[in-house]
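Novice: Would you mind keeping the following structure in view while I ask a few things?
Nothing in this text is a laboratory measurement; each read-out follows from the coordinates by a stated rule. Being a predicted model, the structure only gives us computed values, none of them experimental. When we count neighbours, we look across all protein chains shown, and the Cβ atoms used for this are built from the backbone with ideal geometry, even at glycine.
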Amino acid sequence: MSDSAQESAFLANAGQLIYWNVSSLIVTCIAYGFNLLAASIAVYLFVKNGVRGIARKALLVLTIIVLLSTTWDVIDRAGLYLTQIDYIFMRPLSGGIIAQAVAANKATIPYEYVDGWPVTINLLIGDGIVSWRAWAIHPHNAIVRALLVILMLANTAVNIADVIMEDVNPSGQSHSLAMDTASVWVSLGVNAFATSMVALKMLQHRRTMRMFFSLKERRTSVEKVLLFLVESGSAFCLFQLLFAIFETLNLYQTSTTDSSIQITTLMLYSIFNGFAVLYPLAVIIMVNVNSSVIEESIIERDSLSPELPNQPPIRKSTKVSTIRFASGPTNSSTTDMELSQRSKDKNEPQSALISTVESIPNV
């Protein structure tokens, strides 16, 4: 192959690569816009509701870190791709397009060294928030809490080791692929287990409430919060499973002849990185908007007895479910609900049943 033909083929490959990178950058910028909006809403709600308690202060700090890390990721990717375009197409050298590509690779080394850190930081923060939610609603289950801590520690160690190994030896594709695959699957295991534990708590709560109420389609405040965590966690786990499969098969590297698979894989990576930030931010916003429910109790109130008209009504309170996300001051709200079975004896004083939900609006 002549030099001109070789340069033409190389130029076509370089153009295709840059086209994919720019497309990926567009998706990253779109995801950044949604993440910036979500982070701004979260910070606004923190400022509006006040920052009281260690849990809320920690969530505010993590929100700011996620926002800064996401901004870092966008700047790094934009700098990497724009530097490639600058050196390959806008700085001609005597050695031709190949020499220009070599110069571009050297110029982008600083960007590549920090490329994996913002994504890893965001992923670990998201996994930590999800694990904390599951950990908090199982206050008396030492096994669940211990497993969550162990999985999160292993997740942190594997992901940080993956990024460090890439920085120490960027050309080590074999170990890099193995660590990348391990880090994705361990993170998926953390999210799947945490979501399962939240789902288990929701089923336990629903079963407990059905013992007291005839609730066919009506959901309590506790159940709505838990259902949101389960549904959002399940959706994220399914998307992360798809990402893990693509990562395990290494389709971006192996499918060199199928550009559609490569561009799909690259887009999937960018979308997943955006979801990894949006998911924990959505949980934080939910905490501020819907109030993290602490406990749900039942108050049975008897009406005035015909035989004792001047006596105050008798009230009995029974706590039927406890969901604790953090400690702090609580507010109470009541909602009238029906009993599943009550005595219909006309001589028996009628009773009303009230569900009381105590919540932390600022957790």
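Novice: Which ordering of Met267, Met209, Met90 is given by a fewest-first count of other beta-carbon atoms within 10 Å? Kindly include the intermediate steps, with their values, before the conclusion.
Specialist: Working: Met267 16, Met209 20, Met90 8.
Final ranking by Cβ density, sparse to dense: Met90, Met267, Met209.
Novice: Oh, and also: Compute the semi-axes of the equivalent ellipsoid of segment 1-153, taking the square root of 5 times each eigenvalue of the Cα gyration tensor, and list them largest first in whole Å.
Specialist: Working: eigenvalues 406, 65, 27 Å².
Rounded to whole Å, the semi-axes are 45, 18, 12.
Novice: Based only on other Cβ atoms within 10 Å, what is the fewest-to-most ordering of Val289, Val163? Kindly include the intermediate steps, with their values, before the conclusion.
Specialist: Working: Val289 12, Val163 20.
In increasing order of surrounding Cβ atoms, one gets Val289, Val163.
Novice: Hey, can you rank 143-154, 72-83, 193-204 by average C-beta count inside 10 Å, highest first?
Specialist: Values: 143-154: 15.5, 72-83: 18.0, 193-204: 19.7.
The densest-packed peptide leads the list: 193-204, 72-83, 143-154.
Novice: Sort Asp86, Asp127 so that the residue with the fewest other Cβ atoms within 10 Å of its own Cβ comes first and the one with the most comes last.
Specialist: On the way: Asp86 15, Asp127 25.
Result, fewest neighbours first: Asp86, Asp127.
Novice: Please list, in order along segment 36-46, the HN-Hα scalar couplings obtained from phi with the Karplus expression 6.51 cos²θ - 1.76 cosθ + 1.60 (θ = phi - 60°), rounded to whole Hz, x for Gly and Pro.
Specialist: The phi angles translate into 5, 5, 5, 5, 5, 5, 4, 5, 4, 5, 4 Hz.
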